[in-house]
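Let me begin by presenting the structure, written as C-alpha cells, before commenting on it.
The values are calculated or read from the model by the stated rules, or taken from the named source; none is laboratory data. What you see is a predicted model, and the numbers here were worked out from it, not measured in a lab. Cβ coordinates were reconstructed from backbone atoms using ideal geometry, including for glycine residues, and neighbour counts include every protein chain displayed. Accessible surface areas use protein heavy atoms only, side chains included; no ligands, DNA or RNA. Shrake-Rupley method; radii C 1.70, N 1.55, O 1.52, S 1.80 Å.
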Amino acid sequence: MDAINWSELTFGYLKTDYNVRSHYRDGKWSDPEISDSEFLNLHIASSCLHYGQEAFEGLKAFRGKDGKIRIFRMRDNALRMQASARGVMMAEFPVELFEKAVVEAVKRNERFVPPYESGASLYVRPLLIGTSAQVGVKPAREYTFVVFVTPVGPYFKEGFKTTPVVIYREYDRAAPLGTGTIKVGGNYAASLVAGEKAHENGYSAVLYLDAREKKYIDECGPANFFGIKNNTYITPQSTSILPSITNKSLIQLAEDEGLSVERRSIPIEELGTFEEAGMCGTAAVISPIQRVDDVAENKSYVFSADGKPGVICEKLYQKLRAIQYGDAPDNYGWVTVL
Ligand code: PLP
Ligand code: COI
C-alpha cells in the first residue's frame, strides 16, 4: 500500500485488507468468516434497502506506546447493537460473536492501526442489515452482519479545538418515542439536510432540541451533549438520544475527578449558565463547543470567548485518551488488549 500519512488522516474511508461477515439463516448465525471484498451481493428486495432494517455501531482500536492494540468498550457496542436490532425487529447478533468478529477484523488489519504518536486510531464499523427479499412491510427472515475497519483522524477537522454549533428549530432528528435511542441509519438520513446546512454555514454540528416541546437540549448531530458548571457535569436525559458509550465513560471519569454528575432535562436557557460545553462520542471524542447559535431566536450562547477548550473538557479528554491508548490504568475493564 502507499504509505499512509497517519497524522494527516481525516475521518474518512480508506480501504483495508479484510472485513468479517456472518449470516443469519433458518434462525442461526454462521461463524464469522473473513472476506477481502468491499462489496455485498444484495437482493434487490432486501428489507434493508426498502424499509430501513439497518443498524450500525462505531468503536475504536488504539495502538499504545507499548505497541499493543487496545479496543475500547466493545461489549457495550455489542449490547447497543442488540438494542438497535430489537428496535427495528432484526435478529440480534450474539455478544460473543460480535467480540470475536471485531477482534478478528482488527487483527487481520493490524497494519492499519495507526502508530501511537499519530494520535489517530482504527475506527471499527459493525453493520447489521435485513437481507431477505420482502415487499410487504414486515421483518426479514435473513440478516447479514459485517464489520469493517478504517484508520481515522479527528471527526471534526479541527481536532481538539472549540467549534460553533447551531440550533435549527425547523428540523428534528428523531421523534420523542421514535428511534433516537438506537443506532439505525434512518436517524442519520433524517439529519442530513440540517447537518449539511450547518456545515455550509460554518458550524460543525446541529444541536437538536427535544422534538415535542423544543424546550430542552437533546444531542448534537453525531454526539451527545454535556455542559459544565459549578464543578458539575450535566448531560441530557431524553427518550430521543443515543446512549453514548463515551458519555457514560466521561460520567465515570468526571466522578473520579470529584465532579458531581446530573443526568436530566436541560432547558435551553440553561446554556447561558454553563462555563463549558462539549460534544462527545466515539468519532467526536470530546469536541468542545465554542458557542451555540439559536438562529430562530437570534441568540448566541458563548462558552469560549478565546476559542480555547475549557479546563474540565481538557482534563476529561486527556483522561479518556490516556485509558484508550494505555497510558493510564484501565480501572473499569473498558479495554481489550490484543
Ligand atoms: N449520538 C449519536 C447520534 C451518535 O451517532 C453517536 C455516535 O456513535 C453518539 C451520540 C456517541 O455515542 P458513542 O459515544 O457510543 O460513540
Ligand atoms: C461514532 O461516533 O462512532 C458515530 O457513529 C458517529 C458518526 C460517524 C455517525
- Report, in debye and to the nearest 20, how large the dipole of the chain comes out about its Cα centre when Lys and Arg carry +1 and Asp and Glu carry -1 on their Cβ. 460 debye
- Item | Per residue, in Å², the accessible surface of segment 246-338 once ligands and nucleic acids are set aside, probe 1.4 Å | 44 Å²
- Item | Between segment 31-46 and segment 252-294, the alpha-carbon center distance in angstrom | 40 Å
- Message: Using a 7 Å offset from the Cα along the Cα-to-Cβ direction at both Lys138 and Asn5, what is the distance between the two label points in nm, to one decimal?
- Response: 5.5 nm
- Quote the relative contact order of segment 181-233 in percent (integer), defining contacts as alpha-carbon pairs under 8 Å separated by 6+ residues. 20 percent
- Note on the structure: Taking Cα pairs closer than 8 Å and at least 6 residues apart, the relative contact order of segment 201-286 in percent is 33 percent
- Message: Less than 19 Å from a label point 7 Å out along the Cα-to-Cβ axis of Lys161: which backbone N atoms in segment 239-282 qualify, by residue?
- Response: 277-280
- Comparing Ala296, Ala223, Ala190, which has the greatest mean-square fluctuation in the GNM of the chain with Cα pairs linked when under 10 Å apart? Ala296
- Query: In segment 270-312, carbon and sulfur make up what percent of the accessible area (probe 1.4 Å)?
  - Reply: 49 percent
- Message: Let me check against my output: what whole-number percent is the relative contact order of the chain, with C-alpha pairs under 8 Å and at least 6 apart?
- Response: 19 percent
- Sites Lys68 and Tyr188 - FRET efficiency at Förster radius 25 Å, r taken between beta-carbons, to 0.05: 0.15
- Message: Report the gain in length on full extension from Lys15 to Lys308: 0.36 nm times residue separation, minus Cα-Cα distance, nm rounded to one decimal.
- Response: 102.0 nm
- Note on the structure: Under the 7 Å Cα-to-Cβ spin-label approximation, Phe39 and Arg86 lie apart by a distance in nanometres of 3.8 nm
- Using the charge dipole of the chain (Lys, Arg: +1 at Cβ; Asp, Glu: -1 at Cβ; taken about the Cα centre), state which of Val302, Ala133, Asn5 has its Cα farthest towards the positive end. Ala133
- Cβ-based charge dipole, the chain, positive-most Cα from Tyr233, Val149, Gln252: Val149
- Size of the dipole of segment 198-319 about the Cα centre, Lys and Arg at +1 and Asp and Glu at -1 on the beta carbon, nothing else charged, in debye to 20? 180 debye
- What is the magnitude of the charge dipole of segment 78-235 about its Cα centre, with +1 placed on the Cβ of each Lys and Arg, -1 on the Cβ of each Asp and Glu, and no other charges, expressed in debye to the nearest 20? 120 debye
- In Å, what Rg and Dmax follow from the Cα atoms of the chain? 19.9, 60
- Task: For segment 136-214, with all protein chains present and a 1.4 Å probe, just round the carbon and sulfur fraction of the accessible area to a whole percent.
- Result: 56 percent
